[in-house]
Amino acid sequence: LVAFFIAALSVVLLASSLARMVPARRLGERAGTPGRRKEGGSGGAGAEQALPVAWKVVLPTAAAIVAYAALLDRVGFFATTFLFVLGFSYAFARSKPLQLLVAAAGFTAALYVIFVGLFRVPAPPGIAGF
């Protein structure tokens, strides 16, 4: 059930992100709308151009979120979260591998202490039992 809600939230976030990336139609659009920039070239006064889409960031992020949701019930919340944070950190951070491991472990441990220890929220156990 938890994985369903995470997957549904992922789909909603992905759809809204994609909708914001698609250039809006010029019909009825004001100059200076977020997500667009004015170009001061020969395009005339107020010529606009859509901001570029960073597909090298968007597609791996979407794939990681879908994989996270798919593995959540099978592998377990904390193991999946550790792998997700580690993978994301490795892909987008400029840190040493040991620092990434420590950060992912610390983040996962903090989630465990907060949600299981303090709030007593059960998490999907997965294959390792935690």
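The values are calculated or read from the model by the stated rules, or taken from the named source; none is laboratory data. Here the structure is a predicted model, which is why all the values come from computation and not from measurement. Here the Cβ positions follow ideal geometry from the backbone for every residue, glycine too, while neighbour counts run over all protein chains shown.
Quick notes on this structure:
- Some residue of the range 83-91 being under 22 Å from Ile127 (Cβ atoms), among the hydrophobic types (A, V, I, L, M, F, W, C) and at pLDDT below 90: yes
- Just one of the listed residues (Val102, Val66) is within 12 Å of the chain's Cα centre (by Cα), at pLDDT 65 or above and closer than 30 Å to Pro124 by Cα, and it is Val66.
- The set of residues in the range 78-112 being without any contact (Cβ under 8 Å) to a residue 24 or more places away in the chain, among the hydrophobic types (A, V, I, L, M, F, W, C) and within 23 Å of Ala62 (Cβ to Cβ) consists of Leu83, Phe84, Val85, Leu86, Ala93, Leu100, Ala103, Ala104.
- If you go through the range 88-99 and keep only what is under 16 Å from the mean Cα position of the chain (by Cα) and surrounded by fewer than 16 Cβ atoms within 10 Å (Cβ to Cβ), you end up with Tyr90, Ala91, Phe92, Ala93.
- Residues of the range 63-87 classified as surrounded by 17 or more Cβ atoms within 10 Å (Cβ to Cβ) and closer than 16 Å to Leu14 by Cβ, total: 4
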